Amino acid sequence: MHAIDLTALKAAALAGHQTLIDMTQALVRVDSQTPPSDTRKVADVAASFLADLPGLDLALRPSDEPVMNLVARLPGGRPGPRLILSGHLDTYPIGDRARWRTDPLGAEIIDNRLYGRGSADMKGGVAALLFLMRIFAEQFPAFPGELVLALAGDEESMGELGTQRLIDTVPEVLGDAVLVADVGSPEIIRCGEKGMIWIDVSAEGREAHGAHVHRGSNAIDRLATAIATLKRLEEMPIDLPNEVATTMAGAEAVSEPLGGLGERAVMSRISVNVGRIEGGISPNLVPAHAVARLDIRLPLGTTVGIVEKEIERLLGDLDGIGWTITRRYEATWTPPAHPLVQACVQSAADVLQRPVTANMRVGASDARLWRRAGMPTIVCGLTPHNLGAPDEYLNIDELAQIAAIHALTAARFLGGASVQED
């Protein structure tokens, strides 16, 4: 029986340093901002890196225009599980270019940093997945099972036209487990995510002159009361599952310095963020209408249904207040004892030679869609710098490291006891 030599596999991944830089630069130089999530050109670039690989079944999968997805299937030489490698091709908006010191689509390298919109989130991760497929196809083709690469658009708009469309329509992406190469940190293997409720709260009042407030009813005042009331959701008691609480406590020493002080506390409770407020037309007029858009994140230990009932209780008796829930997702979790989590923790420790841990993830990713479809899923990716802000960058030393971690994780998960660890 053939076995994968992990020493040789790690060396092959680390030796691809310059290739990974070149691939990342080529991807960053293609504009794929969401909106509009036009991923047609960047999908073509990704496909070009795979086109000549032996044994690969590659297909571009159009979604609603202009979203384009890509699926590449690489069967191994022996029976085994199917591992899905997941990434997204779209990026946050560039925003005001005048605030960038570098060209947001230039992929410039300065002081060991590769700059550009989407460099860390997550075109560097996409390059690592593409390189993984190349290594296995060219150098280790007799691996057990199969690898399926799923690159999607629309992730920055919650993935319904990207990864979710692939899950719904492409049987090849339904596998035994999923590795998502989205941002985080190589030291932290993210095995769970908070749930989410997006809610638009509207307030109706009665217009009047600003000097004659007694003749009107201020919609913004009513909205402010509704927002303050919704903030009380953060005080709801949460009964974290023991496994989740133990995992977060054990990860804190490694995770908190990377994720920011207070990360564990935020992952353990409901958070309410007011992202946008609109209302009024002039300082000297009492506004008749106002709306706020809020992002509510739910920890494991509660559900969308429970929180929606509490929203109804809190807002139901407020005068002039209405609301619409525009998105809802449950919190998701893959147990740290799952073989994929263990394979990735072991592989990251092998490559980095420093403490590595499994933990929850503060933000959302396509991992929630894979878990919702019943597939155990982890997130392991690059450390983001200036995420969503001007001068986003990645540390280029991490590119080969994350590629090696992904490759070793895939080999360990697919190969089981047959993997050679000389």
Residues satisfying the stated conditions in region 253-274, i.e. at pLDDT below 95, in contact with a helix residue (DSSP H, G or I) (Cβ under 7 Å, 6 or more places away or on another chain) and surrounded by fewer than 18 Cβ atoms within 10 Å (Cβ to Cβ)
Glu256
Give me a count of the residues in region 224-241 that are loosely packed, with under 13 Cβ neighbours inside 10 Å, over 27 Å from the mean Cα position of the chain (by Cα) and more than 15 Å from Lys309 (Cα to Cα).
1
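Yes/no matrix, rows are residues, columns are (1) assigned to a strand (DSSP E or B); (2) touching a Lys or Arg at 6+ places or on another chain (Cβ under 9 Å); (3) buried (at least 24 other Cβ atoms within 10 Å of the Cβ):
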{"position": "Ala120", "(1), (2), (3)": "no, no, yes"}
{"position": "Gly124", "(1), (2), (3)": "no, no, yes"}
{"position": "Ala142", "(1), (2), (3)": "no, yes, no"}
{"position": "Glu156", "(1), (2), (3)": "no, no, no"}
{"position": "Gly184", "(1), (2), (3)": "no, yes, yes"}
{"position": "Gly192", "(1), (2), (3)": "yes, yes, yes"}
Please verify whether Ala358 is surrounded by 24 or more Cβ atoms within 10 Å (Cβ to Cβ), closer than 26 Å to Gly77 by Cα, under 20 Å from the mean Cα position of the chain (by Cα) and outside the structural domain of Pro299 (by TED's automatic domain parsing), treating the condition exactly as stated.
no
Among the residues of region 287-303, count how many are buried (at least 22 other Cβ atoms within 10 Å of the Cβ) and assigned to a loop (DSSP other than H, G, I, E, B).
2
Going by the structure shown, is Gly388 touching a residue at least 12 places away in the same chain (Cβ under 8 Å), not assigned by TED's automatic domain parsing to the domain that holds Phe143 and not aromatic (Phe, Trp, Tyr)?
no
Looking at region 274-305, which of its residues are of a type outside the set (D, E, K, R), more than 11 Å from Ile197 (Cβ to Cβ) and free of Cβ contacts under 8 Å to residues at least 24 places away in the same chain?
Gly275, Ile281
If the Cβ limit is 7 Å and pairs must be 6+ apart or interchain, which residue in region 356-381 that is under 15 Å from Asp182 (Cα atoms) pairs with which residue that is part of a helix (DSSP H, G or I) and among the aromatic types (Phe, Trp, Tyr)?
Thr377/Trp370
Please determine, by comparing only the residues of region 174-207 that are among the small types (Gly, Ala, Ser) and modelled with pLDDT of 95 or more, which one is nearest to Ser347 (Cα to Cα).
Ala181
When every residue in region 15-25 that is in contact (Cβ under 8 Å) with a residue 40 or more places away in the chain and in a helix (DSSP H, G or I) is compared, the one nearest to the chain's Cα centre (by Cα) is Thr24
Ile277 at pLDDT 95 or above and not in a loop (DSSP other than H, G, I, E, B)
yes
Considering every residue within region 50-64, establish whether at least one is on the phi < 0 side of the Ramachandran plot and in a helix (DSSP H, G or I).
no
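The values are calculated or read from the model by the stated rules, or taken from the named source; none is laboratory data. Please read these numbers as outputs of a predicted model, since none were measured by experiment. Here Cβ is always computed from backbone atoms with ideal geometry, including for glycine, and neighbour counts include all displayed protein chains.
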